[in-house]
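Peer 1: Here it is: the structure, laid out below.
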């Protein structure tokens, strides 16, 4: 049984590193405090809760106070946590997981596109999805093989709310991925083309994300076309 704990620690370290980049390191730091927690908290149940809380506090402090200034030294800056200049994350977990870092030039470009979209379609807000991690060129942001240099940023499509018939900034998928639009007649089936080439990860989320919410939205081809053709 002694081997189980180290295995769990290694697995958690790897998972946290893969999904957040810094989470694994923060986890190791929090483990260094476990001996102190074991001495000061007698109840086994509260002891585990305390360890989890300590990790979460350390993680949040690191994510929002320590990482941003350090990332700037390596030429990357965070995109906004909440709406600024008509740009916001579709899901704030993107920011919590440190997947919202870009080069300063890309950040300004995103703001410019968001402002232009709001000018053309008043009330529109541009939702961003995955960008890059804060550190290390070449460090992959799974499942995006190319999001490793701060120069890539995914943007959400625009939709119309079927209940109101009005333009909306909401999307069928809460994370922006996993619910996709089917190709129209004459269009290339990109998903199928990727599968043939072995890139299965791009359609994997469609098998995980519930598809029921898709019927509540209609793809807004007008605004999305304007977004794609910006610049």
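The values are calculated or read from the model by the stated rules, or taken from the named source; none is laboratory data. Predicted model, so just to flag it, every value in this text is computed and none were measured. With ideal geometry, Cβ positions are generated from the backbone for all residues, glycine too; neighbour counts draw on all protein chains shown.
Peer 1: Condition check: within 30 Å of residue 118 (Cα to Cα) and in a loop (DSSP other than H, G, I, E, B). Does residue 199 satisfy that?
Peer 2: Taking the combined requirement at face value, the residue does not satisfy it.
Peer 1: Give just the number: which of (1) without any contact (Cβ under 8 Å) to a residue 60 or more places away in the chain; (2) not assigned by TED's automatic domain parsing to the domain that holds residue 23 does residue 90 not satisfy?
Peer 2: (1)
Peer 1: Might you let me know whether the stretch 93-103 holds any residue that is buried (at least 21 other Cβ atoms within 10 Å of the Cβ), at pLDDT below 95 and either assigned to a loop (DSSP other than H, G, I, E, B) or in contact with a helix residue (DSSP H, G or I) (Cβ under 9 Å, 6 or more places away or on another chain) (or both)?
Peer 2: no
Peer 1: Tell me whether the stretch 63-80 contains one or more residues that are at pLDDT 95 or above and within 25 Å of residue 220 (Cβ to Cβ).
Peer 2: Within the stretch 63-80 (the criterion being at pLDDT 95 or above and within 25 Å of residue 220 (Cβ to Cβ)), the answer is yes, since at least one residue qualifies.
Peer 1: Moving on. Going residue by residue through the stretch 159-171, is there one that turns out to be on the phi < 0 side of the Ramachandran plot, free of Cβ contacts under 8 Å to residues at least 40 places away in the same chain and not in a helix (DSSP H, G or I)?
Peer 2: Taking the stretch 159-171 first, the residues on the phi < 0 side of the Ramachandran plot are 159-164, 166-171.
Then drop every residue that is not free of Cβ contacts under 8 Å to residues at least 40 places away in the same chain, which leaves 164, 166.
With not in a helix (DSSP H, G or I) added as a condition, the list becomes 164, 166.
Yes, there is a match, as at least one residue in the stretch 159-171 is on the phi < 0 side of the Ramachandran plot, free of Cβ contacts under 8 Å to residues at least 40 places away in the same chain and not in a helix (DSSP H, G or I).
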